[in-house]
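Just dropping this structure here.
Values in this text are rule-based calculations from the coordinates and carry no lab data. Just so we're clear, the structure is a prediction, and the values are computed from it rather than from any experiment. Counting neighbours? That spans all protein chains shown, and the Cβs are built from the backbone with ideal geometry, glycine included.
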Amino acid sequence: MSALPPGMTPIPCPDWHGRLPRGIDGNWPMAPSEEVHGTDKSFRARMTYYLSESALAMLARLPDRALEPVLAVLGRLAYHADRRHTQAARGFLGQAFGELSKAERERLVRAAYRHFLDVVVNSARLGRRPPGPALLNQVDVVGDKDAHAFFGAGRGGIVVTAHVGDWELGSALLPWLGLAPVYAVAKPPRNYFLSRAMLRSREARGIRVLPRRGAMAEAPAVFAAGGALALLLDQRARMKPVLAPFFGRPARCDRSAGVLVRRLKAPVLLAFCIRQPGRPRRYRVECGPVLWPADVSGWSPERFAERINQEFERTIRRHPEQYFWLHDRYRDTPLSFDPPGGDTETEAQPARSTAPPR
């Protein structure tokens, strides 16, 4: 296994004695929303759903030794076929790792496709059921002292993560860590049939989905029930974004975490589910730091987004081969923040960093 981040120690998980956590057993504080379904019900959307479900079912049945070379081939095909996202990943990596060689950059672009496919197939393996004892035994949970206090309080809060590691598995583990019921804020895919299948799978694992539009109004009921709200905040925000540095360049960031802390006085836990090397598969949920309401009182949404981005960067730099670099992260943003004199730089300033290990 990879070395533990500094200051992190094992977090004991609750013993459920064979019982399901709240949420998984149907104890939801709110009814599901129809807004979490896509709108495309066309024949093409239906056929896409059937084909993707069939392909995923076949891949999910493969043992790891057979699956890994298949995903490598599929990832390479996607790397050549999806030119738009491949080019976006090259630019993203160039910004994040300014000293990266071209060969290393292309390796990580291919790894991004392969890792995304691995997350999707692993989600299909979970299916419409909560994680069983066999899977739970493959997961180690660690955290800093504030993470221990967060779980020990038993009051829930906001869990923030990024598209690094296995974010789908990580969300499915939250109820088993004592955070239940769990609501995830997400934008559904346009395909109605795919969005409905994804929703059923997540709810069976103990995760109910809130639509991005209107999630703020529903959040108080989640916290009143002692639950948690899960947010993926490394994508390009579209609704009332704030500009904050991400790998040294301004990026459109979501303001929701900062707004929720101010309104609800709820703590924010940063957590990442990282796949560990070797067989059989093992994962480590790395929890911390925690942003406590009293410590961030008065912070602007921009400062809050910048603080979260700093933790994202730290984790992504440790596991660059497990990050979804295919986001067009800097679309419609300036190359740099305006300096005090008001002059705007004309060239992007790449982050100065050491290239990730092979």
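Given points 7 Å out from each Cα along the Cα-Cβ axis, report the residue 9 to residue 302 separation in nanometres with one decimal.
It is 4.0 nm.
Kindly provide the helix-only [θ] at 222 nm of the chain, computed as the sum of -39,500 (n - 2.57) over DSSP H runs of four or more divided by all residues, to the nearest 500 deg cm²/dmol?
Details: 11 runs with 145 residues, N = 358.
Value at 222 nm, helices only, nearest 500: -13000 deg cm²/dmol.
Run the numbers on the chain and let me know its relative contact order in percent, using alpha-carbon pairs under 8 Å that are six or more apart.
On the way: 620 pairs, mean separation 95.8, N = 358.
Across the chain, relative contact order equals 27 percent.
On to the next question. At a 10 Å Cβ-Cβ cut-off, how would you order 292, 167, fewest neighbours first?
Details: 292 17, 167 21.
The order, fewest Cβ neighbours first, is 292, 167.
Which lysines have a Cα lying under 29 Å from the Cα of residue 265, excluding residues fewer than 8 positions away in the same chain?
Partners found: 145, 187, 240.
Right, here's the next one. Could you work out the local net charge near residue 59, counting Lys and Arg as +1, Asp and Glu as -1, over the other residues with Cβ closer than 12 Å to its Cβ?
On the way: positive: 61, 125; negative: 53, 64, 68, 118.
Result for the neighbourhood of residue 59: -2.
Which of 153, 57, 215 ends up with the largest GNM mean-square fluctuation for the chain, with Cα atoms connected below 10 Å?
Fluctuation is largest for 153.
Of the listed values (1) 38, 22, 19; (2) 29, 27, 22; (3) 51, 21, 19, identify the label whose number matches semi-axes √(5λ) of the Cα gyration tensor in Å calculated from this model.
Label (2) holds the value from this structure.
As an exercise, use a Förster radius of 30 Å and the Cβ-Cβ distance of residue 263 and residue 145 to find the FRET efficiency, rounded to the nearest 0.05. Write down the numbers at each step before the final one.
Working: r = 27 Å, r/R0 = 0.89.
Efficiency at R0 = 30 Å is approximately 0.70.
Summing +1 for each Lys or Arg and -1 for each Asp or Glu, what net charge is found among the other residues whose Cβ lies under 13 Å from the Cβ of residue 118?
Values: positive: 110, 114, 125, 275, 281; negative: 64, 68, 166, 168, 321.
Once all neighbours under 13 Å are counted, the net charge is 0.
If you don't mind, there's one more thing I want to ask. Taking the dipole about the Cα centre of region 26-322, with the C-beta of Lys and Arg at +1 and of Asp and Glu at -1, give me whichever of 47, 167, 75 is farthest to the positive side.
Towards the positive end, the residue furthest out is 47.
Using the 10 angstrom Cβ neighbour count as an exposure proxy, how do 337, 304 rank, fewest first?
On the way: 337 14, 304 25.
Final ranking by Cβ density, sparse to dense: 337, 304.
At 0.36 nm per residue, minus the direct Cα-Cα distance, what do residue 55 and residue 196 gain on full extension? Give it in nm, one decimal, please. Kindly include the intermediate steps, with their values, before the conclusion.
On the way: separation 141, 0.36 × 141 = 50.76 nm, distance 1.75 nm.
Length gained, residue 55 through residue 196: 49.0 nm.
Would you mind putting 180-188, 85-93, 276-284 in packing order, based on average other-beta-carbon counts within 10 Å, highest first?
Numbers: 180-188: 22.4, 85-93: 20.2, 276-284: 13.3.
Put in order of decreasing packing, that is 180-188, 85-93, 276-284.
Moving to a separate point now. Among 13, 253, which comes first, second and so on when ranked by fewest other beta-carbon atoms within 10 Å?
Values: 13 16, 253 28.
Least to most surrounded, the residues fall as 13, 253.
Within region 306-324, name every residue whose backbone N is under 15 Å away from a label modeled 7 Å from Cα of residue 68 along the Cβ vector.
From region 306-324, the list is 322.
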